[in-house]
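Below you'll find the structure, written out as C-alpha cells, and then a few comments.
The values are calculated or read from the model by the stated rules, or taken from the named source; none is laboratory data. Just so it is clear, the model here is predicted, and its values are computed rather than measured. Here the Cβ is made from the backbone with ideal geometry for all residues, glycine too, and neighbour counts use every protein chain on show.
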Amino acid sequence: MSFLAVEDLVVRHGLLQAVRGVTFSVGRGETLALVGANGAGKTTLLRAIAGAHLPSAGRVMLDGADLTGVPSHRRVAMGIALVPEGRKLFVRMSVEENLLLGKTAGRPGDWSVDKVLEMFPNLKPRRHARTGHLSGGEQQATAIGRALMSNPDVLLLDEVSLGLSPLIVDRVYAALQGLINSGTTIILVEQDLNRALSVSDKVICMLEGRVALAADSRSVSRDEVTKAYFGLHRQKAEPA
Amino acid sequence: MSNQIIQGVLLGGYYALIACGLSFMFSVMRIINLAHGSLAVLSAYALWWLASRFHIPPFAGLLIVLPLMAAIGWALQRFLLERSARGGALLPILTTFGLAIVIDNMLFEQFGADTRSLAPFIGSLSYDSWEWPGSIYVGKLAVIIFLIAVALLGGLQLFLSRTGLGRAIRATSEDPDTSGLVGVDARRANAVAAAIAMVTVGLAGAFLGMRATFDPYAGAPQLLFAFEAAVIGGAGSLWGTLIGGIVLALAQTLGAQVHPQGFLIGGHAAFLIVLFVRLSMSGFSLRGLLHRPSRSAS
C-alpha cells in the first residue's frame, strides 16, 4: 500500500540529468532512508518531490493524486514538507517568524510554536532572535520546526546532520524518533550509514541518478549498501 | 530658523509619502519602478477627472481611485513585471521606463498640456493654516500630509512585521524558492505587494494634486524626489524613507536660504553627498548602494 509513489522520475538541471528514471514508493508511516555519494541525485530527488524542481518525465503521486504539475506551495498544503539542505532559513527573521511561516499553508493539525519549542528546548531562549545569529544546531531545529508547523503527512529531511556536532545530531535524531513513532511518513537523506539504517524501515542507495539498491533496512548488510554506494555491485553481477 | 526647519520637516513628510511606494517595491520585490512618478500623476488625473466631471470631491474620489490603483498594481506585476523579471535585473527597469513614457503620452493625449490642480476642489484646505506658538504658521494640508506619511509608513511596517501576509511578502523577497517550500505562494505575495505599493502611489498622487499643480509630464520630477528620498534614507527601509524625505527637504530649504535658486541644488547636493559617502564606505562597488548595509548571511 503505497502512500507516496515516484514513477520513472527524470529531473534535469539544464543539460545535466540529475535523476534518471527513479521509481520507488513509501507506505503510510514508513521511514525511507536515501543514501548515496555526493552528486548521486538525492537532493534533487527530494526537491522534485517537494515541487521545487519540475520533472522532465515521470510522475509523483501522493495518496493516489498526481502531483507532477503542482507548484511547491500547493504541495505543502497537500501535506508534503521539506527540510532543505543547508536549512535555508529566512535569516532576517526571528525563530518565531520562521516557524509561523510554516503555518502559511493552513493545514489543520496540532503543531504550534509552543509545541516546537517544547520539542527543541534549546530554541526557547532564542525565540525572538534572528535566525542568522543562531548556532548550527539551533538553525537546524528551527528548519525542522518550520517544516512541522505545516502539519505534514510526509516529511522530507535533507542532510539534517550536516555540519552539526555529534552531540547535537543525537539530540535532533532523538526528536525525530518521536515523529517516526507518531506515524509521520519520512524520507531522509543521511550520510551516516549506521544512523540511516537504524532509524529507517527501507533504504535506497542512489548512484549517478539511479537506484542502485533498494532494500529492507533490517535485513540489508552494511557491505551490500557500501557496494551499491561505490557502484561495485555492477561488476559483481558479471561472471568472474 | 525654527520656522524653516518646521516647514522643511513637513515638506519631508510629502517626499516620504511619494518615496514610500518606490522604497516598498524595491525592498520587497527588488524592482526599481521608473513609472512611479507617472503612476502618481495618473492617480492625480483620475481624481481631477472625477472631481471636474462628476463633482466627486478628491477625498471621496480616493475611495474609487485607490482600489483602481491596487488593481493596476496587481495587473502590472502579473502581466508585466513578473515576466520581465525573468529576463534579469535590468529588464524590469527598462520595462517601467517604457511604461512611464506610455502613461505620460497617454495622459497628454487625453488631457492636453494644460496644468491642473486638485486645490480648487478641496475648498479652503489648500491655503488654510494653523498658528503655532512663536507665531509660526503651518499649512493644514502640509500637516495632514506629514501625519498621513507617518501613519502609512508605520502601518506598512506593522503590516510587514505582524501579519501572516506581511511575513509571506518578506519571506518571498528574501528567498522565493524556499518560501514556496514552506507554503507561501510567491506569485500571490508579489502581486499583493505591488497592489499595496500602488495604493501608496495613488495617495501620493492625490496629495501632489492638492498641494501643487501637475501636467502630463509631471511624473519625472516626482520620481526624482522620491528616488532621492529613498536613497538618502537607505533604499528598502521604511522608516529610513521618512528620514530621507526630511533630510532632502531640509537640504532644499537650506539651499533656498543660501540663494533664491538654491532650492533644487541643495536637495541634489545632499543626495550626492549621501551617495558618495555610501559608495566610499562600500569600497566603491555599486552593489553596496542597492543593498542594505547590514545583511547577515547564515
Exercise. At least 2 residues that are buried (at least 19 other Cβ atoms within 10 Å of the Cβ), in contact (Cβ under 8 Å) with a residue 60 or more places away in the chain and away from chain B (no Cβ under 11 Å) in each: list the helices (runs of 4 or more DSSP H) lying fully within region A:35-108 that qualify.
Key: A:42-50
Quiz item: Only one of these conditions is not met by residue A:114: (1) more than 9 Å from chain B (Cβ to nearest Cβ); (2) in a loop (DSSP other than H, G, I, E, B); (3) over 19 Å from residue A:49 (Cα atoms). Which number is it?
Solution: (2)
Quiz prompt | Qualifying positions in region B:191-231 - within 14 Å of another protein chain (Cβ to nearest Cβ) and in contact with a Leu (Cβ under 8 Å, 6 or more places away or on another chain) | solution = B:192
Exercise. Tell me which of these residue B:215 doesn't satisfy, since it passes every other one: (1) without any contact (Cβ under 8 Å) to a residue 40 or more places away in the chain; (2) under 30 Å from residue B:113 (Cβ atoms); (3) not hydroxyl-bearing (Ser, Thr, Tyr).
Key: (1)
Quiz item: Pick from A:16, A:9, A:54, A:82: which is more than 23 Å from residue A:215 (Cβ to Cβ) and touching a Gly at 6+ places or on another chain (Cβ under 8 Å)?
Solution: A:54
Quiz item: Quick one: is residue B:180 surrounded by fewer than 16 Cβ atoms within 10 Å (Cβ to Cβ), of a type in the set (Gly, Ala, Ser), within 30 Å of residue A:81 (Cα to Cα) and within 14 Å of chain A (Cβ to nearest Cβ)?
Solution: no
Quiz item: Are any residues in region B:1-33 assigned to a loop (DSSP other than H, G, I, E, B) and either closer than 12 Å to residue B:229 by Cβ or under 11 Å from the mean Cα position of the chain (by Cα) (or both), and if so, which ones?
Solution: B:33
Quiz item: Would you pick out the residues in region A:83-104 that are within 13 Å of residue A:141 (Cα to Cα) and of a type in the set (A, V, I, L, M)?
Solution: A:83, A:89, A:95, A:99
Exercise. Quick one: count up the residues across region A:5-23 that are over 11 Å from residue A:59 (Cα atoms), not small (Gly, Ala, Ser) and not in a loop (DSSP other than H, G, I, E, B).
Key: 6
Self-check item: Residue match in region B:89-99 (condition: loosely packed, with under 15 Cβ neighbours inside 10 Å and modelled with pLDDT under 85)
Solution: yes
Quiz item: Of all the residues that make up region B:27-47, how many are more than 20 Å from residue B:102 (Cα to Cα) and surrounded by fewer than 22 Cβ atoms within 10 Å (Cβ to Cβ)?
Solution: 1
Self-check item: Among (1) surrounded by fewer than 19 Cβ atoms within 10 Å (Cβ to Cβ); (2) assigned to a helix (DSSP H, G or I); (3) in contact with a helix residue (DSSP H, G or I) (Cβ under 8 Å, 6 or more places away or on another chain), the one test that residue B:217 misses
Solution: (2)
Quiz item: Among the residues of region A:123-135 satisfying the criterion of being in a helix (DSSP H, G or I) and surrounded by 15 or more Cβ atoms within 10 Å (Cβ to Cβ), which is nearest to the other protein chains (Cβ to nearest Cβ)?
Solution: A:132
Exercise. Search region B:230-268 for residues being under 11 Å from residue B:8 (Cβ atoms), of a type in the set (A, V, I, L, M, F, W, C) and in contact (Cβ under 8 Å) with a residue 12 or more places away in the chain, and hand back the single one that is surrounded by the fewest Cβ atoms within 10 Å (Cβ to Cβ).
Key: B:254
Quiz item: Taking residue B:26 and the conditions (1) of a type outside the set (D, E, K, R); (2) in contact with a Pro (Cβ under 7 Å, 6 or more places away or on another chain); (3) more than 17 Å from residue B:107 (Cβ to Cβ), which numbered condition does it fall short on, given that it satisfies the others?
Solution: (2)
Self-check item: Selection count where residues are under 14 Å from the mean Cα position of the chain (by Cα) and aromatic (Phe, Trp, Tyr), scope region B:228-279
Solution: 1
